[in-house]
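The values are calculated or read from the model by the stated rules, or taken from the named source; none is laboratory data. Remember, predicted model here, so these are calculated numbers, not experimental data. FYI the Cβ positions are ideal-geometry reconstructions off the backbone, even for glycines, and counts take in every protein chain you see. Note: areas computed on protein heavy atoms with side chains; ligands, DNA, RNA excluded. Shrake-Rupley method; radii C 1.70, N 1.55, O 1.52, S 1.80 Å.
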Amino acid sequence: MEKEIIINNKLNETGRISQFMEELGVSLNIPSEIAMSMNLAIEEIIANIIQYAYPKGESSEIQLQAHITPGRLTFQITDEGIAVDPFQKKSPDEKPSLEEQLTKGLGHFLIHRTMDEVNYRTTDTQNLLTLVKRLDIDFKPDALLDTNICRVDGIIVLNIKGRLDTANARNFSIAIQPLLQEDKPNIIVNCEQMSYISSSGLRCFLILQKSVQKNQGSLIIEAMRPEIKNIFEMTGCTSLFNIR
C-alpha cells in the first residue's frame, strides 16, 4: 500500500507533513514514541530541503511517499532543488557553522537515530531520499481505508471502511473519480464502518457533492457514527449534505 502528500517548498507547508505523519501513525497503530520520532525526523529533513535546496523565491513542489509492507515502512522524499547529499561528510578542514549544526545537523541526527536505512541519489531532474523503518508490527488493513462501489437497482452504493484522513485522501479521490463522470447519479454513501474523517476527507466529500449537483443527481450519506457526524457539524458541513 502507498500513500503520498505533495507540498509547496514553503516552510509553512511543513505543518501538512506533520499532520500526514501523525495520521499515518494512528492509522497503522504505530506506538506513539516511534511515530513521533519519525514525524520529527522527516519534518526536519523536509524543512532543511526547503531552506537550503532552493534559491530564494523559487517555487517548486516536494513529494513525500510512504510505502507500507508487512513490518516495513519506506519513505521517499523527492524534490527538484539543488542536488546536495544531506549526509555527505564534510572534509576535515571544512567545519560546519553553528547554524548548520543546529539545523542540518539536527535533521541528520534524527534521521540516523530513527531510521534503519538511508539512501540518497539524484537523477537529471530530481533528488530522491529513501528512508526505511523496520517495525515488528502487523499493519492491519482495517486500520487503513477500504472503499467499495457497487450498483443496486440503479443506485450507486459507496461503502467506506476505516480512516479517511490526510494519508488516505488521495487514494479515496482516485476511487471516486468514476462517480464524478456519472450522469444524474443516485449515490448512497455508507459510512457505517468509517472510523475517522479529516479536513482532507471532508474536501473529498464536498468535491463529490458538487459533481453530483452539477450532473443533476442525488447524494445521501447514511449510517454515520456520532463522532463523525460531530465533525460535520463543527465544520458547518451538515447543511451541505443529505444525512440520514
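Do the conditions hold for Asn148, that is, is it at pLDDT 90 or above and within 30 Å of Asn48 (Cα to Cα)? Full working, then the answer.
Values: at pLDDT 90 or above: yes; within 30 Å of Asn48 (Cα to Cα): no.
No: the conditions fail for Asn148.
What single numbered condition from (1) at pLDDT below 90; (2) under 25 Å from Met21 (Cα atoms); (3) touching a strand residue (DSSP E or B) at 6+ places or on another chain (Cβ under 8 Å) fails to hold for Gly154?
(2)
Residues Phe205, Phe232: which one is surrounded by 18 or more Cβ atoms within 10 Å (Cβ to Cβ), under 16 Å from Ile156 (Cα atoms) and aromatic (Phe, Trp, Tyr)? Steps first, answer last, please.
Values: Phe232 fails: under 16 Å from Ile156 (Cα atoms).
After ruling out the rest, the residue left standing is Phe205.
Run down Gly236, Gly162 and say which single residue is assigned to a loop (DSSP other than H, G, I, E, B) and under 28 Å from Glu13 (Cα atoms).
Numbers: Gly162 fails: assigned to a loop (DSSP other than H, G, I, E, B).
Of the residues listed, the single one that is assigned to a loop (DSSP other than H, G, I, E, B) and under 28 Å from Glu13 (Cα atoms) is Gly236.
Take the range 17-67 and flag every residue that is farther than 22 Å from Leu164 by Cβ and in a strand (DSSP E or B).
Glu61, Ile62
May I ask you to verify whether Gln63 is touching a strand residue (DSSP E or B) at 6+ places or on another chain (Cβ under 8 Å), farther than 18 Å from Ile137 by Cα, at pLDDT 85 or above and surrounded by fewer than 18 Cβ atoms within 10 Å (Cβ to Cβ)? Give the derivation first.
Working: touching a strand residue (DSSP E or B) at 6+ places or on another chain (Cβ under 8 Å): yes; farther than 18 Å from Ile137 by Cα: yes; at pLDDT 85 or above: yes; surrounded by fewer than 18 Cβ atoms within 10 Å (Cβ to Cβ): yes.
Taking the combined requirement at face value, the residue satisfies it.
Determine, yes or no, whether Asn186 is more than 26 Å from the chain's Cα centre (by Cα) and open to solvent by less than 80 Å² (accessible area, probe 1.4 Å). Quick ask: steps written out before the conclusion?
Values: more than 26 Å from the chain's Cα centre (by Cα): yes; open to solvent by less than 80 Å² (accessible area, probe 1.4 Å): yes.
Criteria met by Asn186.
Output the residues belonging to the range 189-202 that are surrounded by 14 or more Cβ atoms within 10 Å (Cβ to Cβ) and not in a helix (DSSP H, G or I). Reasoning before the result, please.
Step one: filter the range 189-202 for residues surrounded by 14 or more Cβ atoms within 10 Å (Cβ to Cβ), giving 189-191, 194-198, 200-202.
Across the range 189-202, the qualifying residues are Val189, Asn190, Cys191, Met194, Ser195, Tyr196, Ile197, Ser198.
Using beta carbons and a limit of 8 Å, which pairs, at least six apart or on different chains, have the first residue in the range 161-181 and more than 23 Å from Arg16 (Cα to Cα) and touching a residue at least 40 places away in the same chain (Cβ under 8 Å) and the second one β-branched (Val, Ile, Thr) and open to solvent by less than 30 Å² (accessible area, probe 1.4 Å)?
From the range 161-181, no pairs qualify.
Look at the range 1-11 and say how many of its residues are more than 16 Å from the chain's Cα centre (by Cα) and either assigned to a helix (DSSP H, G or I) or closer than 16 Å to Thr166 by Cβ (or both).
So the count comes out to 1.
Condition first: open to solvent by 60 Å² or more (accessible area, probe 1.4 Å) and farther than 21 Å from Ser27 by Cα. Can you find one or more residues in the range 136-150 that meet it?
Within the range 136-150, the first condition is being open to solvent by 60 Å² or more (accessible area, probe 1.4 Å), and the residues that meet it are 136, 138, 140-142, 146, 148-149.
Then keep just the ones that are farther than 21 Å from Ser27 by Cα; that gives 149.
Yes, that holds for at least one residue.
So Asp79 clears everything in (1) in contact with a helix residue (DSSP H, G or I) (Cβ under 6 Å, 6 or more places away or on another chain); (2) among the acidic types (Asp, Glu); (3) closer than 19 Å to Ser200 by Cα except one condition, right? Which one?
(3)
Can you tell me which of (1) of a type in the set (Asp, Glu); (2) at pLDDT 90 or above; (3) closer than 30 Å to Ile111 by Cα is the one Glu222 doesn't meet?
For Glu222, the failing item is (3).
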